[in-house]
Structures are given as structure tokens and as C-alpha cells.
Amino acid sequence: MFGIRGSMGQRVPLPLVVDVDGALLQRGLCDSILRTTLRRAPWMTRRHWHGRRADLTAITLAEALPDLEVPVALNRDLLSQIAVHQRLGGTTYLMGQAQAGMLAALADFLGIEAQVLGSDADMPLDRTRQAHLLPALFGSKGFILIGGRRSGEALCLAARECWMVGGAPRMKRRLRTHGGRMTLLPPPLWLPLQVPMAMIAGQGATDCGPNLGQLASRAVWMRETEKTRPARGASETQAGADARRRA
């Protein structure tokens with residue numbers, strides 16, 4: 001596994017980003033809520049779903065049906081890979097298009113110690129924004145991605161290495177052409193689980209740290225500062241040498 005040198009010289013694994021929508025779960029969390037809504041409360045779909053956030057829809061559905069559970073299919077093989085990565089000292093990020101609070105509640109339910117990257121009240125974390133956010137946070141080739149079949153090509157190219165659950169061989173050939181590294185994982189054994197809707201709904205709108213737009217802007221700003229700092233130092237050194245010559 002790729003890594004970087006830590007402060008004590010030890011090799012620390014690169015951040016591991018796990019796509020919830022298609023890699024950890026067979027379907028996305030929002031898709032699972034929609035399917036549950038269609039099956040159990042079609043009246044709510046017509047009145048509440050369109051134009052609404054998934055966490056607000058989950059809250060309404062949980063209030064109407066307090067004992068409702070959302071069926072999901074979990075990639076249990078991926079849980080072992082996450083555990084190994086964390087034992088090696090690496091950091092894990094769960095990323096999805098659902099609201100960050102819902103992803104955090106899912107991580108607690110599954111017993112995964114991970115930070116979450118999800119949508120917030122101001123910005124949805126769709127596939128296009130994911131491809132811009134991760135290089136801004138970790139740098140180009142600065143993270144490892146475990147993606148699903150819907151992970152975009154731009155996102156896979158930004159990763160140091162991309163492990164795909166259910167990826168297409170033709171995408172692997174395209175990535176190799178552009179210098180990307182992609183490994184097709186074997187088909188997982190999906191484990192059916194029932195996730196309480198009330199637990200997801202109760203955490204859906206919770207503030208999980210910085211605003212997503214602020215997080216991305218801060219990462220881009222820090223990267224630009226690091227780029228210009230050596231040039232600024234070199235120019236100051238040259239200016240000092242010129243002043244000494246004039247003296």
C-alpha cells in the first residue's frame with residue numbers, strides 16, 4: 001500500500017477514501033431511502049420527495065413510520081480492508097452524495113471509525129464536485145480510492161491508485177492510457193442489513209464540522225500558498241543579495 005513518510009520516519013499509508021455509493025453499499029444511501037419510500041409510503045413520494053433533500057425526506061418518513069428500517073446491502077469484505085488500513089496508521093474517509101450527518105450515522109451503525117465527506121445544506125457533493133474536492137484536500141495522487149461502478153474517470157485519475165468494485169475493464173484500459181492505476185476487485189458477497197430510518201433521520205441535518213464549500217476553499221487556498229511560498233522566499237533572498245552588492 002502506498003504511503004508517505006511520517007514525522008518519525010515511519011511510513012504512513014495515504015488517506016483511504018471509500019465511496020459509499022456503490023463500493024461500501026450496493027446502492028447509494030439516498031437511493032435506498034427512495035426505494036423504501038416508494039415501497040412503504042408512495043403518498044409521501046409525490047408530496048415530499050421532489051425537490052427535497054434526502055435527510056428531510058427521511059425525517060418525514062421516520063415521523064410517519066417510527067419503526068421503519070431501510071434495507072441495504074453491505075460489502076463486508078471492504079470492512080476488513082478498512083480495518084487493515086487503520087491498523088497500519090492510515091485515515092479513512094467515507095464519501096457519498098448523502099448528507100454528511102447521514103453518513104456519520106451509518107458509520108456509527110457499522111462501527112467504522114472514519115471521517116465523512118458528504119453533502120451539506122449549501123452544497124451537494126455530486127460526482128463532479130467529488131473530482132474537484134479530493135485533489136484539493138489531499139493533492140493530486142495523494143489518496144487511495146475505493147470506488148464503485150459509478151465513480152467517474154476524473155476522480156479515478158486523481159487518485160494514486162483506484163480499487164474498483166464492479167468496475168468495467170474498458171475503463172481500466174482508458175485509465176492506463178492516461179497514466180492512471182486501477183485494480184478491479186472481485187465481486188463482493190453483499191450482506192443484507194436493516195438500518196433504522198429513525199437513526200439516519202435523526203442525524204441527517206446535524207452539523208458535522210466545517211461547511212463543505214469552506215472546506216474545499218480552505219484546501220485550495222493552502223495548496224496555492226504552499227506553491228507560492230518557495231518562490232517568495234527565493235525572491236527575498238535575491239533581493240537581499242542585490243542590496244548587499246549595492247552597499
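The values are calculated or read from the model by the stated rules, or taken from the named source; none is laboratory data. Remember, predicted model here, so these are calculated numbers, not experimental data. Neighbour counts are summed over all protein chains in view; Cβ atoms, including those assigned to glycine, are modelled from backbone coordinates with ideal geometry. Heads up: the accessible areas ignore ligands, DNA and RNA and are worked out on the full protein's heavy atoms, side chains in. Shrake-Rupley method; radii C 1.70, N 1.55, O 1.52, S 1.80 Å.
Relative protection proxy for 142-149, 94-101, 81-88, 31-38, from highest mean packing down: 94-101, 142-149, 31-38, 81-88 (other beta-carbon atoms within 10 angstrom).
Note on Leu184 and Asp108: the extension gain reaches 24.6 nm, defined as 0.36 nm multiplied by sequence separation minus the Cα-Cα distance. Placing dummy labels 7 Å off each Cα toward the beta-carbon, the span from Asp126 to Ala83 is 3.8 nm.
Electrostatic bookkeeping for Ala159 treats Lys and Arg as +1 and Asp and Glu as -1; over the other residues with beta carbon under 10 Å from its beta carbon, the sum is +2. For region 64-172, which whole percent of the accessible surface, found with a 1.4 angstrom probe, sits on carbon and sulfur atoms? Here it works out to 49 percent.
Listed values for region 147-162 are Karplus-derived 3J(HN,Hα) couplings in whole Hz (6.51 cos²θ - 1.76 cosθ + 1.60, θ = phi - 60°), namely x, x, 5, 9, 5, x, 5, 4, 5, 5, 5, 6, 7, 5, 8, 10, and x replaces Gly and Pro.
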